[in-house]
Every structure is written in structure tokens, then in C-alpha cells.
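Worksheet for the structure shown next.
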Amino acid sequence: MATDPLRKTPAEDAVPVSVSASASLSASASPSASTAATPVADPADAGAQPLVRFDKVVKRYGDHVVLDELDFAVRRGEHVTLIGPSGSGKTTILRLLMTLEKVSDGVIWVDGEPLSHMRTPNGGLKQAGEKQLRQSRKKIGMVFQQFNLFPNMKVLQNITEAPVNVLGLERDEAETRARELLDMVGLADKVDAHPSQLSGGQQQRVAIARALAMRPEILLLDEVTSALDPELVAGVLDLLREIVRTTNITMLCVTHEMNFARDVSDQVLMFDSGRIVESGSPEKIFTAPENKRTQEFLSAVL
């Protein structure tokens, strides 16, 4: 039986997030963005398998390198927060995981399978087609800075549309799940409202419920409070704290809310210029950072 990521189970022994930033790698070591197949190592051969692993991932736009041979791994059920200055590549990581962008080089693995590549008969990988990308997206939910609700749909339909049309759920089942989630986010009385009738904080709560309605294994949070009025931020952050406390969902979060990052994270990754410059527990990063760039960044935002 598949594990429900929204149901808390006894925690496994903690294993730290594995993080490294490589300085160089030859182009032949990982598949490029072309469709040519390239032999690669299978992460399942390396022992305990993380849920998410970035393997020498590069993302570039023309000559501009946004992510520079990025390596890191996240175990199932862990909560990892990405911090750093704007433009350091944090949101790009989430967009790559959501397959909204294509990697330029390297491989992203999710649960031992390539996220945006396909295996070839000779043991290599090539770029995946749209059908596989749609399958990959089913494992991952994302909450964006802007709420991205369908303005012409009521709240209930905003939440049920994807489970019905993507997961193939019966509408009654999808509506039951949606009502449970609306109750969880404190909006049980808003099922028949349109987004325009909701405050920004309420719209973001609907967006969170919509992401959870797909029962994703991985939840991506991209600056989810940045578009909210200051008085609405605390309520949304408290909701997310409760989701972290009561579920087993794996979470990657981009935020400038440092107190929130300290509260919910198992690991914090500090980014600068497309690379991880420091990583560790919230206690280490926020009280005793070792990297000068981390120290400068935190002194500016705390």
C-alpha cells in the first residue's frame, strides 16, 4: 500500500541531507539537454536512496549560468529550506523539480528514477517526452508566490480540477478530499466563493489546499508569503508549520522568512551565484555560520 504523505507516521532514524557543490565536471559525465543518450551511474547502486537527488545539475540561459553543477540530496520526509540572495538560483531549483524548466546538464532523480530524462536500452538517459513529464509532476506539488487560482472557478472547483482530470479521481471523492483540506486550512465556509471574494491570505490557503489535494510526495514552496500584506503572513506561516508538524510530506522551501526557516527545517542550504556555499542544521546556520557569504547575508536579513 502506498504511504500517504499527508498522514504522520513514526519518524525514521534521522539521516542528514547530503550536500556538496562541485567546482568542475566534464560534459561527458552527465546527460546534456539534447536527446542524445549518455551512460550514467544509477543512484540506486549507492546504497540508501534519497527521495530527491540533484546530480551535477546545470541550468543556463544562453551564456548565463544560473545553477552551477549542483549536487544535493533530500531524504523522504525531510524539510529543507533554501536561503540566499535574490537571483542565486533558489526558485530555479523548484521550477526544475516541477518540470517547468529543463536542465541544461546533469540529472535530477526522484525516488530513484530520472525526473526529466528517460532510460535507454543501453543504460543511458535521454530527455523525456511530455507524457513522462506529466507522470513525474504527479509526485510533486508547488505553491507559487502568486496564488495562480482560476478566477472563473469557485474555490471547490479550483481544488478538484487537477485530481479529477490528472489523477482520474471520481468527482465525489475529489470533492470530499477538497472539503477536508479546506477545513484543515480554515476555509470550510468558502467552498462556493470565487477567488476575487477572498483576501490574499485566503487565496494562498486555497493554493496550499490545491497543492495538497494531489497527495504529492514532495511539496515545493516558493516565497509563498511574499505577495501577502504583512498582517496576513503570520497566518499562512502558522498553517505551514502545522502541515510540517502533522504530515510526512517532503518539503523544499524558498523563503526570506528566517524565523520560519529556523522553526520548520531539518536542513538549511545557503545559495550564492548558483552554488551551495554552506549547509547544515538551522542551529548551525543561524547561530554559527562559517561561510563569510552566509554571515553577510544573515546579518542583512535578521
Would you mind giving the three semi-axes, in whole Å and largest first, of the ellipsoid equivalent to the range 233-302 according to its Cα gyration tensor?
23, 13, 11
Over the range 47-147, with every protein chain in place, what whole percent of the accessible area is carbon and sulfur at 1.4 Å, could you tell me?
48 percent
Counting only residues 5 or more places away or on other chains, whose amide H sits under 5 Å from the amide H of Ala128 once H atoms are built in the peptide plane?
His117, Met118
How many Å² of accessible area per residue for the range 197-302, probe 1.4 Å?
38 Å²
I'd like the Karplus ³J(HN,Hα) series for the range 127-140: coefficients 6.51, -1.76, 1.60, θ = phi - 60°, whole numbers in Hz, and an x wherever there's a Gly or Pro.
4, 6, x, 5, 4, 5, 4, 4, 5, 4, 5, 5, 7, 10
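Charges only on Cβ, +1 for Lys and Arg, -1 for Asp and Glu: so what's the dipole of the range 134-183 about the Cα centre, in debye to the nearest 20?
Values: 8 positive and 7 negative charges, 67 e Å.
Approximately 320 debye in magnitude.
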Once amide H atoms are placed 1.01 Å from N in the peptide plane, what residues at a sequence separation of 5 or more from Asp272, or on another chain, have their amide H within under 5 Å of its amide H?
Val277
Say R0 is 25 Å: what FRET efficiency, to the nearest 0.05, do Ala234 and Lys292 get from their beta-carbon distance?
0.20
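Would you mind checking Lys126/Lys292; Lys56/Lys139; Lys131/Lys154; Lys56/Lys284; Lys59/Lys190; Lys90/Lys284 for any pair whose Cα atoms are more than 32 angstrom apart? Write out the running numbers ahead of the final one.
Values: Lys126/Lys292 39 Å; Lys56/Lys139 22 Å; Lys131/Lys154 29 Å; Lys56/Lys284 25 Å; Lys59/Lys190 40 Å; Lys90/Lys284 20 Å.
Among Lys126/Lys292; Lys56/Lys139; Lys131/Lys154; Lys56/Lys284; Lys59/Lys190; Lys90/Lys284, the Cα-Cα distance tops 32 Å for Lys126/Lys292; Lys59/Lys190.
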For the range 182-253, with +1 on Lys and Arg beta carbons and -1 on Asp and Glu, the positive-most of Leu187, Ile243, Val224 along the dipole
Ile243
When only C-alpha pairs under 8 Å and at least 6 residues apart count, what is the relative contact order of the range 55-208, in percent?
17 percent
I'd like the distance between the alpha-carbon centres of the range 169-221 and the range 285-302, rounded to an integer number of Å.
36 Å
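The values are calculated or read from the model by the stated rules, or taken from the named source; none is laboratory data. In this text, all values refer to a predicted model and were calculated from it rather than measured experimentally. All Cβ positions, glycine included, derive from the backbone under ideal geometry; neighbour counts span all protein chains shown. In case anyone asks, the SASA skips ligands and DNA or RNA and just uses the protein heavy atoms, side chains included. Shrake-Rupley method; radii C 1.70, N 1.55, O 1.52, S 1.80 Å.
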